[in-house]
1. Tally Lys and Arg at +1 and Asp and Glu at -1 over the other residues with C-beta under 10 Å from the C-beta of Gly154: what net charge comes out?
2. May I ask you to rank Ile64, Ile55 by accessible area, largest first, using a 1.4 Å probe over the protein chains only?
3. Ignoring any ligand, DNA or RNA, what whole percent of the accessible area of region 48-149 comes from carbon and sulfur when the probe is 1.4 angstrom?
4. Among Ser215, Gln253, Ser265, whose Cα sits farthest toward the positive end of the charge dipole of region 199-281 (+1 at Cβ of Lys/Arg, -1 at Cβ of Asp/Glu, about the Cα centre)?
5. Could you state the accessible area per residue of region 108-243 in Å², with a 1.4 Å probe and every protein chain left in place?
6. Which log10 I(q)/I(0) values, to two decimals, does region 78-122 give at q = 0.25, 0.33, 0.34 Å⁻¹ under the Debye formula with one point per Cα?
7. Which chymotrypsin sites (Phe, Trp or Tyr not before Pro) in region 48-101 pass both tests, a DSSP loop state and at most 16 other beta-carbon atoms within 10 Å?
8. Using a simple spin-label model with points 7 Å from Cα along the Cα→Cβ vector, what separation in nm is obtained for Ile59 and His173?
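The values are calculated or read from the model by the stated rules, or taken from the named source; none is laboratory data. In this text, all values refer to a predicted model and were calculated from it rather than measured experimentally. Please note: Cβ atoms are built from the backbone with ideal geometry, for glycine as well, and neighbour counts cover all protein chains shown. For accessibility, only protein heavy atoms count, side chains too; no ligands or nucleic acids. Shrake-Rupley method; radii C 1.70, N 1.55, O 1.52, S 1.80 Å.
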Amino acid sequence: MAASTSQSKLTRGTGSVIPPLPILRDHFSAAVGKSSIVVKAVAVTVIIGYLFSFISSAIPYITITPGYVMPPNFRVYSFFFYCFVELHFWHVLADVAVIVLFGKLLEPLWGAPDMLLFFIITNIGVGIATAFLYIFIYLVTLNEEYLFEVHIYGLAGYIAGFCVAVKQVMPDHCLATLPFGKLRNTHIPLTLLILIFLMRIAGLLPGPYPYMFASGMVVSWVYLRFYQKHTNGNRGDMADNFSFASFFPSQFQPLIAVISNSIFSGFVKIKLCKKPQRRYDVSSPTTITVTLPGTEPHDAERRKQLALKALNERLSKPDTTPSWPSLDDEGAASPTAPLSPTSAHQPLLTHTLPAVKIPIPDFKDGGKQGKSTSSEMV
């Protein structure tokens, strides 16, 4: 009784109650239940891969071992299965949560096939990039542990790809307000990358995890930037707010832009990337429509969030329109209306113009001009 009384006091004092575990489980079950078959299949496969990790002799075969992907072993199939393997249960929870969130946020915009294609391309690219990175480290250090003692597994690269995709769709969505500023979706990839490197230094994450996350950022960005096919037939997203420099703080963006643009120009010369093209529509007889990269209709959903936010902020502000003086029939200012900022510093004109008499001729008898008999005040 005393325990329940103290708990009720604590509830009233804090003003909020932490939802119990059954409620959280119900919310998660509802989210999974409404997901598509692709999301459910990927999540179930990750759980099955975690169960296979209890067979220690199978780990070298279901994960990527850099020394075994080269001849004579040539275990290329591991590039397709490594992403479903996890050795720790909390990693499984994080992976499943990201998969469900991806399905809730991005699958309605992309569709299930594009989501599955993004999953495959990102994970295969991350596996290849991380494996060759360890091979390069072996060539520099000549330490065979980097070839045969390193096992690459998990969805770290896909989690990075999810962060990049959310940045593309909703870059300015505010997640939290911190003492040093607002945390938005556009800050998440680099923030998580720094946090992951710090956790790796502290020994909380396995060795390949930071390299996989960094590779996932690069691979997913390259695919979304240049190669993703949209419903209107175009590929990629050349918007300025999705450039490679936009991942970094504004102080470093000019330098990063110079480096990234130089690399991109080199890729264009060797035909790995295509130069953005401007299309001119001259069919209209009065205007010429210019279509710039990043202004295609598929960007509307991403920019709609920013437009709605700006509109809500503008509507929430009080009306501060200045009151202008009203004019009567004679053009004089109303004595009750406030003066405009410019008229407050100018003297009022009180001098009246003198009356001028202008003779008006009077024509009589079919065109005889008589004397002026009247005058009019002007």
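1. -2
2. Ile55, Ile64
3. Percent of accessible area from carbon and sulfur atoms in region 48-149: 74.
4. The residue sitting farthest along the positive end of the dipole is Ser265.
5. That works out to 47 Å² per residue.
6. Taken in order of the listed q values, log10 I(q)/I(0) reads -0.97, -1.11, -1.13.
7. Values: sites: Tyr50, Phe52, Phe54, Tyr61, Tyr68, Phe74, Tyr77, Phe79, Phe80, Phe81, Tyr82, Phe84, Phe89, Trp90; in loops: Phe54, Phe74, Tyr77.
Within region 48-101, the qualifying chymotrypsin sites (Phe, Trp or Tyr not before Pro) (loop, at most 16 other Cβ atoms within 10 Å) are Phe54, Phe74, Tyr77.
8. Going by the 7 Å Cα→Cβ label model, 3.7 nm.
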